[in-house]
Amino acid sequence: MNTTQEIRAIQFSSKKPDFDFDNIRDCWCDIRHMRVLWEAASLITPEAEKYVMRSVSAYNKDPIIKDNPWLKTLVDEFMEQEREHTKIHKQLNKALGMHHIDVESKMAKTLRDLTKDLSKLDALATAAALEHLFFSVIKLTFIDTGFYKDETVDPKVLDVFRWHWCEELEHHSVTLSLLAQLDTSYKARMYGAYNTIFKFLPVCSQIILEVERFHYPKYYLLNTAIDMVKISNYFRKGFDISAKYFKPEYDIVQAGEWSWPYIEEWRKKIGYEESVQVRSNISEIKA
Ligand SMILES: [Fe+2]
Ligand SMILES: [Fe+2]
């Protein structure tokens, strides 16, 4: 049956933004654990994005995407956003002087090994688990803490994170929606969560340690321990958010839909409500 539906896709006017990386304050954020957390996130971004792009694009030629214009729209938008995030975070890492911290190679190896060792399906489930982790981190540590509006933070750096996290909020849904077309078992999701917790997160901890050592070489072990406790505290209240990854029906995008009111509410909070445009292409979707 052919139905005519509106594809509602979020298109940020900031999409290929022209960020200003000149003269960023050396100490762009006074709160040490937040500075370390977001710098580590920025360092992790290029390799993590490449992994999720590899895992999703492995299905590009598969009829599951090729023959589903709605899913293809989601995936194309997703890939375009991730490519841009990778590029901008490399620039930010350079502007912050962090590109000398050699952690990308550790992360790159871990994630390349996952691509090599996992089946296509398990690699995708792991990508979905990673995207859900990023979603939880953004919700619990960027939005709920009010960091997005902290006036003591250098606005040039904050702008990059606000832009990226606004787009990132939907990515868990794109990967979960693709996964749900292929497999709805707990087994695949459990394995994705296992890889995230036991393979990805340990490298993230090493990166946090290296960032601490880079900035505060004298007491970096003690500082890392204190900051990790502070960061972990944000997640205490968020167990239910993280656990939603295991609900098979959670945030699956229905054909013709793209976003949810709660995400648009969060975007408004972050300050992007005016930038969100609805691209209302009337498209033929084979239902
Ligand atoms: Fe991203
Ligand atoms: Fe993403």
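Data table
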item	result
Any hit, the range 246-256, residues being more than 21 Å from the chain's Cα centre (by Cα), modelled with pLDDT of 90 or more and either of a type in the set (A, V, I, L, M) or within 16 Å of ligand 1 (Cβ to nearest atom) (or both)	no
Close pairs (8 angstrom Cβ cut-off, 6 or more residues apart or separate chains): more than 12 Å from Leu124 (Cα to Cα) in the range 171-188, within 16 Å of ligand 2 (Cβ to nearest atom) and not in a helix (DSSP H, G or I) anywhere	Ser173/Asp251; Ser173/Val253
Residue count, the range 86-136 (criterion: of a type outside the set (Ser, Thr, Tyr), closer than 26 Å to Ala243 by Cβ and in contact with a helix residue (DSSP H, G or I) (Cβ under 7 Å, 6 or more places away or on another chain))	18
Matching residues, the range 72-100, being within 15 Å of Val211 (Cα to Cα) and surrounded by fewer than 18 Cβ atoms within 10 Å (Cβ to Cβ)	Lys94, Gly97, His99, His100
Test: residue in the range 226-233 that is within 17 Å of Leu124 (Cβ to Cβ), at pLDDT 90 or above and surrounded by fewer than 16 Cβ atoms within 10 Å (Cβ to Cβ)	no
Hey, Lys199 away from ligand 1 (no atom under 16 Å from the Cβ), of a type outside the set (Gly, Ala, Ser) and touching a Lys or Arg at 6+ places or on another chain (Cβ under 9 Å) or not	no
Residue list for the range 40-74, restricted to those being of a type in the set (A, V, I, L, M) and either farther than 15 Å from Ser177 by Cβ or away from ligand 1 (no atom under 14 Å from the Cβ) (or both)	Ala40, Ala41, Leu43, Ile44, Ala48, Met53, Ala58, Ile64, Ile65, Leu71, Leu74
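The values are calculated or read from the model by the stated rules, or taken from the named source; none is laboratory data. Here the structure is a predicted model, which means the values were calculated and not measured. Note: ideal-geometry Cβ built from the backbone for every residue, glycine included; neighbour counts use all protein chains shown.
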